[in-house]
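> Provided herewith is a single structure, encoded as structure tokens, for subsequent inquiry.
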Amino acid sequence: MHPLHTLPVTLTGSDVEKKREEIRDYFHKTYDMYEDLFTTFIDDSVFYEQPEATRHPMIFYFGHTATFFVNKFMVAKIIDDRINPEFEATFAIGVDEMKWDDMQKAHYVWPEVSAVRVYRDIVRELVDGLITMLPLSLPITQESPWWIILMGIEHERIHIETSSVLHRQLPIEKVQSVANFPICQTHGKTPNNEMVAIDGAKVKLGKSKDHHLYGWDNEYGAYEENVPSFKVAKYICSNGEFLEFMQDGGYETSEFWDEEGDEFLKRGSLKHPTFWVPDEDGRYKYRTMTEIIEMPMNWPVDVNYLEAKAYCRWKSAKEQKEYRLLSEPEWYLLYERAGIKDVPEFDDTKANINFVHYASSCPVDMFAFGDLYDVMGNVWQWSESHMNGFKGFEPHYAYDDFSLPTFDTKHNILKGGSWASTGNELMRNSRYAFRRHFYQHAGFRVVEGDQLSIETEEESNIYESDALVSQYCHFQYGEEHFGVENFAKKCAEFALEYGQETEMRHALDLGCATGRASFELAKGFDKVTGIDFSARFVQVGLDFQSQGKINFQRVVEGEIVAQESVTLEELGFDEIAKNVDFWQGDACNMKGHFKGYDLIMATNLIDRLYEPLLFLEGIEERITEGGYLILTSPYTWLEEYTKKEFWLGGYTDADGNAVSTLEGLENVLDPKFELVATYDVPFVIPETARKFQHTISQMSVWKKR
């Protein structure tokens, strides 16, 4: 058992100080275990290795989990000052092959490992101090600052596992065995994998907001499904079973692979599972996190979804039966059949999970859950189910892009956890999903039964099920009301007029939301960059750009909605859309390479930033000589978004004088900028067919001196 082994804390209790100490212990053990994982590197040079082409170097992940705490504390207004703004921008955003992922090496200058260690120590002190002094009331709710602390802890526990996957992909000479991460020494022959009959039943998924455990947003809500009876494999598919597929030409036989799988094979020239290592005799050995060992035939095979499905097609053809993977609701029937108890009663000693036994897989016939094995633990089990939101789904304001970008039919759910799963990953309701070609500590078990009717062809529109994003789509792309011109278009028209006094090479649309103004600016600028804090918004612009069309909903009244759509061609963007880049980013802490703009436009942003001065101070360094900064805002300052001490205006000073936001802007921007003009720009936001917000925003135009 790893010396830092622990189970997650609950949100409930009666003793506040005891709960405070439980959270402190959970935090430090999490932080220590994550750092312990990197002791498997032979030296600090390994931090700069990039084991997977679609991932960052390992130094990113070492710093990322610490900066996550600071960035979320800033968003939640728990702290007012950053520790290291450069680190908190550089290490902010990971990679999931999203279109806004920044993989350009020129944009990154990785710091010394020693500097990141010092930074992690400072963040540790910060979090420990907050745990010591923040008021605590029980139960902990999603509105509590303690929820953000737990969010940071659980986020780091996710990375304990996902980083360990990258460790397995490093050159073997770059890693070393350490006592805290032992490899299982038990190997055996391929077990006979029988099918077990499972009775159908109604399955209820999802949990309520008052659940006693921390959860990610996709776990909440409600879903019911009547699951028919089926047969499932007693064991997770072993290396020995998968070897038969290999020997039958599984990777060379096209009918076993769908179009996506075929593209995956061609892209990687793959002929075997990624953690199988061919030797000189044409046989295979097996890669663990720190060692290459003889092939353990009775361990689970580690594959991605595409390989698992190819195996199912091969097995179906060979036995003339219908084989597939589990669905998410079917896995819950296995969980209930096994009589597993949820955290904190969960007995992790009876499964290969939570680093209790090994830092590797083990035989598939070692841990029994009744007549099934490895219902929990050993490796994750790929499912046929796409990631989605249950009825009542709501993203959490501090991490609104945790789940929504995966509601795209391109991410499949995994269930059951692996040997490296800890924290929230141990819980009954936990839901994680990855792209189908991704590798995790994941395998599969086969199901005999009818193929599930899961739509894979249609792209899901996350903005059809996301009320806020849908409202912004309607605001930016919907019809005009009461003779008021489209706000994004009107602002862009003003910007294009002033842009004519510049080279019109590159413009930045900051707070671009769903992208309308970015596309409008591309009518005059050679290149436009759109940046928004919300990945939910950015994805709309990217989908519009790539698909040429977006669909969204307009609320009519109550639950009645109308479907709307718009195309690039209709708006005259079809030829210029390619000139727009979209990125996720924080206006208060943008990466250094976002510079060299002839014009920066920030619409209705300034009074929604957690600290506007962080955006304005130094903005001139991002604008070319003689370039323009255009700001719009209705100046609706609210402490919900910006602490009053950071308001630029809308308050009375110590002498009793009223300070307007425009005056505040002049105080900050002068002498770097000259105020050229101001305009009133009205806009209308439709809430329903009969209710509208009518607002007048002030546009201020500033020319760099």
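> Take the alpha-carbon centre of the stretch 245-278, take the same for the stretch 641-690, and report the distance between them in whole Å.
Cα centroid of the stretch 245-278 versus Cα centroid of the stretch 641-690: 59 Å apart.
> Relative contact order, percent, of the stretch 480-704 when contacts are C-alpha pairs under 8 Å separated by at least 6 residues?
20 percent
> Among 227, 701, rank each residue by its count of other Cβ atoms within 10 Å, from fewest to most, as a rough exposure measure.
Arranged by neighbour count, lowest to highest, 227, 701 become 227, 701.
> Quick one: 3J(HN,Hα) in Hz for the stretch 593-607, Karplus 6.51/-1.76/1.60 with θ = phi - 60°, rounded, Gly and Pro as x.
Rounded to whole hertz, the list is 6, 7, 7, x, 9, 6, 8, 10, 10, 10, 9, 6, 10, 4, 8.
> Based on other C-beta atoms within 10 Å, arrange 580, 46 from fewest to most.
Fewest-to-most Cβ neighbours within 10 Å comes out as 46, 580.
> Which residue, chosen from 676, 215, 38, occupies the Cα position most advanced towards the positive end of the dipole of the chain, where the dipole is computed from +1 (Lys, Arg) and -1 (Asp, Glu) charges on Cβ about the Cα centre?
Farthest towards the positive end: 38.
> Here's a follow-up. PRE reach from residue 638 (point 7 Å along Cα→Cβ): which of the stretch 512-527 fall under 20 Å by backbone N?
512-514
> Name the residues whose placed amide hydrogens come within less than 5 Å of the amide hydrogen of residue 697, ignoring near sequence neighbours (fewer than 5 apart) on the same chain.
Here 681, 683 satisfy the definition.
> What is the distance in Å between the Cα centroid of the stretch 164-226 and that of the stretch 3-18?
What the calculation gives is 22 Å, centre to centre.
> Moving on to the next point. Give the order of 136, 37, 542 when sorted by the count of other beta carbons within 10 angstrom, beginning with the fewest.
Exposure proxy ranking, most exposed first: 136, 542, 37.
> For residue 375, what residues show an amide H to amide H distance below 5 Å, using hydrogens built from the backbone and excluding near sequence neighbours?
369
> Still on this structure, please answer the following. Return the percentage of antiparallel bridges among DSSP beta bridges fully within the stretch 554-683, rounded to the nearest 5 %.
Percent antiparallel among DSSP bridges in the stretch 554-683 is about 45.
> Per the helix-only calculation at 222 nm, which mean residue ellipticity applies to the chain, given -39500 (n - 2.57) for every DSSP H run of n ≥ 4 and division by its residues, nearest 500 deg cm²/dmol?
-9000 deg cm²/dmol
> Let me know the charge dipole size of the chain about its Cα centre in debye, to the nearest 20, where only the beta-carbon of Lys, Arg (+1) and Asp, Glu (-1) is charged. It would help to have the intermediate numbers written out before the result.
Numbers: 69 positive and 118 negative charges, 206 e Å.
With only Lys, Arg, Asp and Glu charged at Cβ, the dipole is about 1000 debye.
> Residue 379: net charge of surrounding residues, Cβ under 15 Å, Lys/Arg +1, Asp/Glu -1, itself excluded? Please report the intermediate quantities before stating the final value.
Details: positive: 168, 287, 415, 445; negative: 161, 241, 302, 307, 365, 374, 425.
With Lys, Arg at +1 and Asp, Glu at -1, the net is -3.
> Further, regarding this structure: Can you tell me which of 27-34, 659-666 comes out highest on packing, and rank the rest after it, using the mean Cβ neighbours within 10 Å?
27-34, 659-666
> Past the 18 Å Cα-Cα mark, which pairs from 77/644; 595/704; 231/315; 266/318; 72/209?
With Cα atoms farther than 18 Å apart: 266/318; 72/209.
> If a cysteine in the chain has no other Cys Cβ under 4.7 Å from its own Cβ, put it on the list, ordered by number.
Flagged as lacking a Cys partner: 237, 312, 473, 491, 512, 588.
> Right, something else. Hey, can you grab everything whose amide H is under 5 Å from the amide H of residue 597? Only 5+ residues off in sequence or another chain; H modelled, so Pro and N-termini drop out.
Under 5 Å from the amide H of residue 597 lie the amide H atoms of 623, 624, each far enough along the sequence or on another chain.
> With a ≥ b ≥ c taken as the square roots of the eigenvalues of the C-alpha gyration tensor of the stretch 480-704, please select rounded if a/c is under 1.5 and otherwise prolate if a/b is larger than b/c or oblate if it is not?
oblate
> Just going by the charge dipole of the chain, with Lys and Arg at +1 and Asp and Glu at -1 on Cβ, which of 403, 11, 507 is farthest out on the positive end?
Projecting each Cα onto the dipole axis, the largest value belongs to 11.
> Could you order peptides 171-183, 587-599 by the average number of other Cβ atoms within 10 Å of their residues, highest first? Let's see the in-between values first.
Values: 171-183: 14.2, 587-599: 19.2.
Result, highest mean first: 587-599, 171-183.
> Could you tell me which of 292, 264, 476 has its Cα farthest along the dipole of the chain towards the positive end, charges placed at Cβ (Lys, Arg +1; Asp, Glu -1), taken about the Cα centre?
292
> Considering every pair of different Cα atoms, what Kirkwood radius, in Å, is found for the chain?
One over the average 1/r among Cα pairs gives 27.4 Å for the chain.
> Can you run phi through the Karplus equation (6.51, -1.76, 1.60; θ = phi - 60°) for the stretch 617-634 and list ³J(HN,Hα) in whole Hz, with x for Gly and Pro?
6, x, 5, 5, 6, 9, 10, 5, 4, x, x, 10, 10, 10, 10, 10, 5, x
Quick note: the coordinates plus some simple rules give every number you see, no bench work behind them. The structure displayed is predicted, hence computed values, not measured ones. So basically every Cβ, Gly included, is an ideal-geometry build from the backbone, and we count neighbours across all protein chains shown.
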